[in-house]
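The values are calculated or read from the model by the stated rules, or taken from the named source; none is laboratory data. The structure presented is a predicted model; accordingly, all values stated were derived computationally and were not measured. Cβ atoms come from the backbone with ideal geometry, glycine included; neighbour counts cover every protein chain shown. The protein model used for the area step is the full one, side chains on, heavy atoms only, and it has no ligands, DNA or RNA in it. Shrake-Rupley method; radii C 1.70, N 1.55, O 1.52, S 1.80 Å.
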Amino acid sequence: MSDNNQPTSRGNWGTRLGFVLAATGSAIGLGNIWKFPYITGEYGGGAFVIVYLFCVLLVGLPLMIGELMIGRRTQKNPVGAFKALHHEKSPWQITGWLGIASGFLILSFYSVVAGWAIAYIFKAMAGFSGTTEAIQSQFGALVTSPSASIMWHTIFMGLTIAIVIGGVKNGIERWSKILMPMLFALLLGLMIYGLAFTNGGMQALSFLFSPDFSKLSAEGVLSALGHAFFTLSLGMGAMLTYGSYMKRETNLMKDAITVSFLDTLIALMAGVAIFSMVFHYGLEIASGPGLIFKTLPVLFAQTGRWISVPFFVLLSFAALTSSISLLEVVVSYFVDERKWSRIKATLLLGGMIYLTGILSAMASWKVMFRGSDQAWLDVFDFITTNYMLPIGGLMTCLFVAWVMVDKERAEEFGSKGLLYKGLLFILRFVAPIILIAVFLHGLQLLPFMEY
Ligand code: PFF
């Protein structure tokens, strides 16, 4: 973990631990604590979780190694990286463009949800009290108030822009080191509380871990895959960009395993904690994006502020360490390829993302999508997670395994032996086949299946 390498002009992570924490910070965010529990609730529990875990292991982890490899090798943004490894007019650069578009759209709605988390810090300070219904109705009041939603979205986007302008290294590396362990400790506490002190613990475990595949729809399978990408920050070049600030000697394989493991662990812990509460209080399992904002405050009414305030503070920080990586992907392109200053790129693109986010902050604005009127937030989330990230991931996989890999680069996998051959086999055949199959299944187009 030496600190004495000269940084390049684009910058490097200070230490290897710094990189691992920043990448973990990107991976762990609203996806783990807000999204994983609610989509698991909507898609029926155990079977969804199993498919998700398979996707993390067989597609997510290998792809993370692939993205980090591209980034570290080229030291470039997602578009520049594909050009550098192929040629200036390479069609593979579309993958980079798709990633930048995904980062743009994801951040626009991510910031709105993160804004709710900040709003809940203040609600927690004031204290949660009253009947279960009264506590839960606070969420509806927040999201249906355009001025409140936009105000919190403004604050969160402002923080994200401020950090990215300053450059990520010092602030984020340092803060991640303190905040990530705290988030872990708090979630562990909530999970133990759920298991030991509520009547819902056992039910929560069986809901999450005993699969009933008859409950899993084709759309559920596609969403499990999409979520594996979303939660690991894959398929849009975020890991590629973070890898581009990496030093050459790092062992990618080990770091990718660490990041994926921690990310999965946190999601499962959040799931156990939240579903224990849901079953104990007889709350609605499939209550959609409002799930954590409606369930946890019911518990917090009893535990008091000393748990609830830190929880929402940490949730907001987890969201922030993810949102900066989303913005960094977009900004790095304009800095590297268009030679814009970091300030100009961050302010301009951050500003455009902020404006797009207002669509998501307006809960009453609907759009016709998949046969019904839906909120912009849900539509952006659905399209980016279920289509854009898996397509970006598929193209990255194919590129790494068929175009980029050669003998010399094989060393970058950290091993030339069996492990390397296995990884290459997965990236060449297993991951693309799974991706295409899941994709067709989600569109209900897989032959031999009845829809
Ligand atoms: N992985 C983040 C989460 O789970 O909240 C979200 C995210 C960050 C997705 C960065 C994509 C990305 F590039």
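Odds and ends about this structure:
- In segment 406-434, residue modelled with the lowest pLDDT [restricted to those that are over 27 Å from the mean Cα position of the chain (by Cα) and not in a helix (DSSP H, G or I)]: Ser415
Here is a yes/no grid of residues against (1) among the hydrophobic types (A, V, I, L, M, F, W, C); (2) on the phi > 0 side of the Ramachandran plot:
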{"residue": "Ile106", "(1), (2)": "yes, no"}
{"residue": "Gly115", "(1), (2)": "no, no"}
{"residue": "Tyr120", "(1), (2)": "no, no"}
{"residue": "Gly130", "(1), (2)": "no, yes"}
{"residue": "Gln136", "(1), (2)": "no, no"}
{"residue": "Ala141", "(1), (2)": "yes, no"}
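- Within this structure, Ala114 fails the test of being without any contact (Cβ under 8 Å) to a residue 60 or more places away in the chain, farther than 26 Å from Val403 by Cβ and assigned to a helix (DSSP H, G or I).
- Residues of segment 39-47 include none that is open to solvent by 10 Å² or more (accessible area, probe 1.4 Å), away from the ligand (no atom under 12 Å from the Cβ), free of Cβ contacts under 8 Å to residues at least 12 places away in the same chain and not in a helix (DSSP H, G or I).
- Residues (aromatic (Phe, Trp, Tyr) and either at pLDDT 90 or above or in a loop (DSSP other than H, G, I, E, B) (or both)) located in segment 354-390: Tyr354, Trp365, Trp376, Phe380, Phe382, Tyr387
- So Thr144, is it at pLDDT below 95 and either of a type in the set (A, V, I, L, M) or touching a helix residue (DSSP H, G or I) at 6+ places or on another chain (Cβ under 9 Å) (or both): no
- Yes/no for Gly60 being open to solvent by less than 10 Å² (accessible area, probe 1.4 Å), of a type in the set (Gly, Ala, Ser) and within 15 Å of the ligand (Cβ to nearest atom): yes
- Looking only at segment 228-249, residues that are more than 10 Å from the ligand (Cβ to nearest atom), in a loop (DSSP other than H, G, I, E, B) and not acidic (Asp, Glu) come to 5 in all.
- Segment 1-27, subset hydroxyl-bearing (Ser, Thr, Tyr) and at pLDDT 50 or above, residue surrounded by the most Cβ atoms within 10 Å (Cβ to Cβ): Ser26
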